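The values are calculated or read from the model by the stated rules, or taken from the named source; none is laboratory data. This one's a predicted model, so the numbers in the text were calculated from it and none came from an experiment. Using ideal geometry, Cβ is built from the backbone for each residue, glycine included, and neighbour counts are taken over all protein chains shown. When the accessible area is computed, the model is the full protein with side chains, heavy atoms only, and any ligands, DNA or RNA have been set aside. Shrake-Rupley method; radii C 1.70, N 1.55, O 1.52, S 1.80 Å.
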Amino acid sequence: MIEVTDVTKRYGDVAAVDGVSLSVPSGASLGLVGTNGAGKTTLFRLLVGHETPDSGTVRVAGVDPTGGTHVRERVGYLPEHAGFQPALTGAEVLGYYADMRGVEAADVDTLLSVVGLGDAGDRRVGGYSNGMNRRLGLAVALLGDPDVLLLDEPTAGLDPAGVDAFNRVVERVRDERDVTVVLSTHALGEVEALCDRVAVLDDGTVRAVGTVDEVVRSAGETVTITAD
Ligand code: ATP
């Protein structure tokens, strides 16, 4: 479903992504871990077609994501620090994005329930907790029933209950919808719970890829990752 082949993306002198190759089969889930500045967000932006590689190729569902709307219709993306207009209700936010994506309004109520906001749809987003905001972002990403779900540090800054609630929804969505998931996080435990494989990014480069067990075993002295 996702094929990244020897991709480099530079900003001036900085190679944010430097010769990265990654493959995620349909229905699989990949965790991206790495320190701040490792290149995770840049990789997401390449996958969603917001950035063009300087070299190498990106294919999502067999298509170059920069090429048009085809891939974007099949990809749900929750950017890091996604925020919504606080004066709108949760249902209005979803309705707005549903309009943009040409999705039936009926899906809005279903999605609010899927992310555990069934009772909060008529409340203003300004009164939502961080965790509720993040789950609303997940609902937005799920509009149109995408084949690929890209989640950039979705639980960063949430309290443990918020992290738990968010990850339970991801787990359910992963199991019940035939969706390919890529998510980034600083917590290896989250990857272990939610993903088949993990890729460790460091300085724009993939240092290791495999199951969490394989990566931890092979990490040796070259990779430092937190286990919480
Ligand atoms: P974080 O966890 O802090 O979000 P990240 O792993 O997502 O980090 P990126 O945001 O992809 O990392 O950044 C990788 C490198 O590229 C960093 O050195 C960053 O400063 C640089 N970079 C990213 N976007 C830009 C940009 N638009 N202009 C200039 N430099 C950028």
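If the segment from R177 to A193 were pulled out straight at 0.36 nm per residue, it would be longer than the present Cα-Cα gap by 4.0 nm. The amide H of T205, built 1.01 Å from its N in the peptide plane, has D18 as neighbours under 5 Å, considering only residues 5 or more places off or on other chains.
Between the beta carbons of D64 and A161, assuming R0 = 41 Å, the FRET efficiency works out to 0.50 to the nearest 0.05. Taking all protein chains as shown and a probe of 1.4 angstrom, Y97 keeps an accessible surface of around 60 Å². Remark: the T205-Y11 segment gains 68.3 nm on full extension, using 0.36 nm per residue and subtracting the alpha carbon distance. Computed over the chain, the P(r) curve from all C-alpha pair distances, binned at 10 Å from the origin, holds 8, 34, 36, 19, 4, 0 percent per bin.
Taking GluC sites (Glu not before Pro) in DSSP loop states with no more than 15 other Cβ atoms inside 10 Å as exposed sites, the chain has its longest site-free stretch at 105-220. Each peptide in 158-166, 141-149 was scored by the mean count of other Cβ atoms within 10 Å over its residues; highest first, the order is 141-149, 158-166. A Cβ-based charge dipole, computed about the Cα centre of the chain with Lys and Arg at +1 and Asp and Glu at -1, lands at about 260 debye.
Rounded to the nearest 20 debye, the dipole magnitude of the range 111-209 is 280 debye, with +1 charges on Lys and Arg beta carbons, -1 on Asp and Glu beta carbons, and the Cα centre as origin. Legend: residues R124, R135, sorted from most to least accessible area (1.4 Å probe; ligands, DNA and RNA excluded), read R124, R135.
Computed over neighbours whose Cβ is under 14 Å from that of V103, the net charge equals -3, Lys and Arg +1, Asp and Glu -1.
Only residues of the range 141-172 count here: report those whose backbone N is under 11 Å from the spot 7 Å along Cα→Cβ of R101, or say none. In the range 141-172, the label zone of R101 (backbone N under 11 Å from the point 7 Å along Cα→Cβ) covers 141-150.
Taking Lys and Arg as +1 and Asp and Glu as -1, the other residues whose beta-carbon sits under 13 Å from that of G56 total -3.
A full extension of the chain between D54 and D109 corresponds to an added length of 15.7 nm, given 0.36 nm per residue minus the alpha carbon distance. Each Cα pair under 8 Å and six or more residues apart adds its separation to the average, and for the chain the resulting relative contact order is 27 percent.
The order of M100, M132, M1 by accessible area, most exposed first and with a 1.4 Å probe, is M100, M1, M132. Taking Cβ atoms as reference points and 11 Å as the exclusive limit, the residues near A199 contribute a net charge of +2, counting Lys and Arg as +1 and Asp and Glu as -1. Residue ranking by accessible heavy-atom surface, 1.4 Å probe, largest first, among D122, D109 comes out as D122, D109. Rolling a 1.4 Å probe across all protein chains gives S113 an accessible area of roughly 70 Å².
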